[in-house]
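Quick notes on the structure that follows.
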Amino acid sequence: RFFAADCFNKAWELIDKTDRTADEDERMLLLSMASAWHWTQRPDCTEQNMSAAYWQIAHIYGLLKQADNARRYGELALAKAKAKGVPAFFLGYAYEALARAEMVAGDKEKMQAYLDKARRIVKRLPDAEAQKMLLSDLEKIG
C-alpha cells in the first residue's frame, strides 16, 4: 500500500510541474505504472483503486501527447469505474480521461461526446466539492 500511494503521489507532483524535462516525463510515467502494479499485488485492491490508477496513467499519456496509450488506459479506467459499487466520481473521471485522449488525437467529435458524458455524471455527484473539481478539469479540455 505504501509504494502504491507513494508512487502515485510522486507521479502527481510531476504532473503538476509545468517545466518537466524528458527524464522527468519518463519518471512520471514509470511512477504511475509502478503505483498501478503495486495495487495489483494487494489482496484488498478494488476496482476503484484500479480505476484511479488507470486514470492517472491515461492522464500522463495525454500530457505526453500519446493519444493511443491515453485512450487505452482511459478505456481501462472506464471499465473499472463501471464496476458495481464504484462511486460515480470515478466514472466521471474516466470519461474525462477519454476526452483528453481524443483531444490529443484531434478527434473533436469523440472528445465532445466524452465531455458530455462526464458533465452528465457531474450532476449525479452528491458532493459539491467533487462536482466543482471535475467541472474544473473538464473546462481545461478542448
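Here, each number is a calculation from the coordinates, and none is a lab measurement. Not measured: the values here are computed from a predicted model. Please note: Cβ atoms are built from the backbone with ideal geometry, for glycine as well, and neighbour counts cover all protein chains shown.
Roughly how many Å is it from the Cα centre of the range 59-100 to that of the range 119-142, as a whole number?
15 Å
Using a basic spin-label model with each label point 7 Å from the Cα along Cα→Cβ, how many nm lie between ARG124 and ASP44?
2.7 nm
Using unit Cβ charges (K, R positive; D, E negative) and no other charged atoms, how large, in debye to the nearest 20, is the dipole of the chain about its Cα centre? Intermediate values should be presented prior to the final figure.
Numbers: 22 positive and 21 negative charges, 112 e Å.
It works out to roughly 540 debye.
When each pair of different Cα atoms in the chain is counted once in the 1/r mean, what is the Kirkwood radius in angstroms, to one decimal?
Values: mean 1/r = 0.0665 Å⁻¹.
Value: 15.0 Å, from the Cα pair sum.
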